[in-house]
Amino acid sequence: MVKADVRSKPDHGAFTLAPASPKPCNVTHILITDPDDPRIAPYRSIRERDLTGREGLFMAEGEVVLRLLARSPLMRTVSVLVAQKRLEALADVLAPLPADTPVYAASQAVMDAIVGFPIHRGILALGRRVEQIEPETMLAALPPRALVLGLVGIANHDNMGGLFRNAAAFGASAVLLDSACCDPLYRKAIRVSVGAALTTPFARLRPDQDMADMMSAHGVSPLALSPTGDIALADLSRPPRAGLLMGAEGPGLPMELMRKCRTVSIPMARGFDSLNVAVASAVVLHHLAFAAQEETRP
Ligand SMILES: C[S@@+](CC[C@H](N)C(=O)[O-])C[C@H]1O[C@@H](n2cnc3c(N)ncnc32)[C@H](O)[C@@H]1O
């Protein structure tokens, strides 16, 4: 690694047009001047790469997400690519990374050429999950009091990101995905989750595993959220371990799954079909986290 100097931003104030004096950059980094440099190959054309698979790697964008990634025990930062002008300001974000994590820096023009579009935030990081978590392992490790979000057939990355964001915001311990859900570590899902996909434990069921059965076997009460649910949300008391099953736009939850659960509805204006799934998750998570009475039955 080399230490390169980064010039401070020239001051183009009303009367001062003299070039600023060079200012040393204290962040150890590798300067990239050629967009075709093989060392930054994973960052090349990242939009296309999203569609063609990422070999177990994911791409994190922006300062807030990088901050969470660098500190997440669930994830490893493989490398970082930042616009040279942002390096100095990111020193505290980069500080928790192991010393051997490559930090690449490039001019904004070179960075745009690498990723294939103008990337104004100028901060990317390549990450990898430390390990795949098995559903049984994740549920067995839950504390006595826990909220678990159970996602069924969520194929939209915006919704996936929003669901993780809400799970983290309301203190859910884990997210359980069925086999039809999209990848929470897709670039857009990570971005929409504001990094919550990197810090909230999640596990994916195999196609032959049933979400309600799996939750019940681990002492998690499965609650199916549906506009036609039997229990109005205000009347729902909080089980010590609650599993909130949420379905996809369009079909919602399968009937055979709902039959194994208590069903819960968020009352809406008469004649309206449903809420967006991420919005519905926020309403029910808030109720169970802060408003609901404790369930008294064993
Ligand atoms: C767009 S809705 C699906 C609508 C579908 N027609 C149905 O009947 O479920 C997506 C998911 O959000 C949740 N949801 C949306 N509105 C809800 C409501 N009013 N009460 C409870 N859950 C709701 C449910 O989990 C649902 O599966």
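FYI, it's all coordinate maths here, none of it is from the lab. Remember, it's a predicted structure, so these values are computed and weren't measured experimentally. Every residue, glycine among them, receives a Cβ derived from its backbone with ideal geometry; neighbour counts consider all protein chains shown.
Worth a mention:
- Among 199, 77, 33, the largest mean-square fluctuation in a Gaussian network model of the chain (Cα springs under 10 Å) belongs to 33.
- The separation of region 135-197 from region 207-277, counted between C-alpha centres, amounts to 15 Å.
- Rounded to 10°, Cα long-axis angle of helix 277-286 versus longest principal axis of the chain: 70 degrees
- Of 129, 47, 187, the one that fluctuates the most in a GNM where the chain has Cα springs shorter than 10 Å: 47
- Theoretical FRET efficiency, 1/(1+(r/R0)^6), r = Cβ-Cβ of residue 41 and residue 208, R0 30 Å, to 0.05: 0.20
- Peptide packing: for 284-293, 82-91, the average count of neighbouring Cβ atoms within 10 Å per residue gives the ranking 82-91, 284-293, highest mean first.
- For region 135-291, fraction of C-alpha pairs farther apart than 25 Å, in %: 20 percent
- Max mean-square fluctuation residue, GNM over the chain, Cα-Cα springs under 10 Å, options 140, 224, 248: 140
- Overall Cα dimensions of the chain, principal axis frame, Å, largest first: 72, 43, 33
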